[in-house]
Amino acid sequence: MPLEEMTRAGLGRRLLCLVYEFLILFALSFVILLIPMAILPLLGKTEANSQADHFWIWRIVWLLLLGANAWYLLRSWTHGGQTLAMRAWRMRLVTQTGQPLILGQAAIRLLLASLGYATPLAMAVWAYAHPESRPLLWGSLGFLATMLAWALIDKDKQFLHDRLAGTCIIRVPAAKK
C-alpha cells in the first residue's frame, strides 16, 4: 500500500508510545543488570567495592545492555515494523515509500535516535560522577529537545531521526471483529 494511502501516526500518540518504549527498554536493561548481581557473589566478591575489582564484568554488562536493546529494536523494526509499545499503540515503522525497513535503514535510524535519546542518559551518569561536565549534559538535552521539536516544524510532523533515516510511523487500523 503506498504511503499516501496510509495514515501517519500523530505527534501525541508517538510521544506516548516513546514513553512506553522507554519503560520496556528500562525493564530489559534491569534484567540484564541482574547478571552481575548473580556473577559477583560466585566470584567471591560481595562487598560494595566489587565494581572496582571486577571492572571487566561491568564492561561486558554495558556491552550486553547495548546489544540487547539494539537487538530488540532492530529485530522489531525489520520483522513486522513494530516494537511492543508500537503494537500497543497500533503503529508501524515503514520507509517513506511505505515499504518494510531493511536492516541497514533500521540501523541508521537506531544510530540517529540513539544520539538524541541515549546521549543525555549517558551524560547524566557522567555528570553525576564529574560535576564539571554538566554543560555537556545541558548540550545533549538541548539536542534531544531539538530532535523532538523538529516535528513541530516538519511538513509531515516527522521527528528529526525519522526524517534523516527516511522512515515514518503510520497508524495501524484496529482489527475488525
| message | I'd like to know which of LEU23, ILE102, ALA113 lies farthest towards the positive end of the charge dipole of the chain, counting +1 on Cβ of Lys and Arg and -1 on Cβ of Asp and Glu. | response | ILE102
| task | Please find the FRET efficiency linking ALA118 to THR7, where r is the Cβ-Cβ separation and R0 is fixed at 35 Å, and quote it to the nearest 0.05. | result | 0.75
| task | Using only alpha carbon pairs under 8 Å that are at least six residues apart, calculate the relative contact order of the stretch 57-159 and give it in whole percent. | result | 16
| request: Multiply the residue separation of ALA88 and VAL31 by 0.36 nm, subtract the distance between their alpha-carbon atoms, and state the gained length in nm to one decimal. | output: 18.4 nm
| Label assignment, semi-axes √(5λ) of the Cα gyration tensor in Å derived from the structure, set (1) 28, 17, 16; (2) 22, 19, 18; (3) 35, 20, 13 | (3)
| task | Can you tell me the dipole magnitude for the stretch 112-172 around its Cα centre, using point charges on the Cβ only (Lys, Arg +1; Asp, Glu -1), in Debye to the nearest 20? | result | 160
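Can you compute the helix-only [θ] at 222 nm over the chain? Use -39500 (n - 2.57) per DSSP H run of at least 4 residues, normalise by all residues, nearest 500 deg cm²/dmol. Write out the running numbers ahead of the final one.
On the way: 7 runs with 118 residues, N = 177.
Estimated from H runs of four or more residues: -22500 deg cm²/dmol.
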| message | Please report, ordered by residue number, every helix of the chain (full DSSP H runs) that is 30 Å or longer along its axis going by C-alpha atoms and whose mean Kyte-Doolittle hydropathy reaches -0.5. | response | 11-42, 55-78, 103-129
| task | State, to one decimal in nm, how far the label point of LEU15 lies from the label point of THR97, with both points 7 Å from Cα in the Cβ direction. | result | 3.3
| query | Ignoring any ligand, DNA or RNA, what whole percent of the accessible area of the chain comes from carbon and sulfur when the probe is 1.4 angstrom? | reply | 72
| task | Using label points projected 7 Å from each Cα along Cα→Cβ, tell me how many nm separate LYS176 and LEU66, to one decimal. | result | 4.8
| query | For the chain, what is the charge dipole size about the Cα centre, in debye to the nearest 20, if Lys and Arg each add +1 at the Cβ and Asp and Glu each add -1 at the Cβ? | reply | 720
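The values are calculated or read from the model by the stated rules, or taken from the named source; none is laboratory data. As the structure is a computational prediction, the values presented were derived from the model and not from experiment. All Cβ positions, even for glycine, are placed from backbone atoms using ideal geometry, and neighbour counts span all protein chains on display. Just the protein is used for accessible areas: all its heavy atoms, side chains included, with ligands, DNA and RNA removed. Shrake-Rupley method; radii C 1.70, N 1.55, O 1.52, S 1.80 Å.
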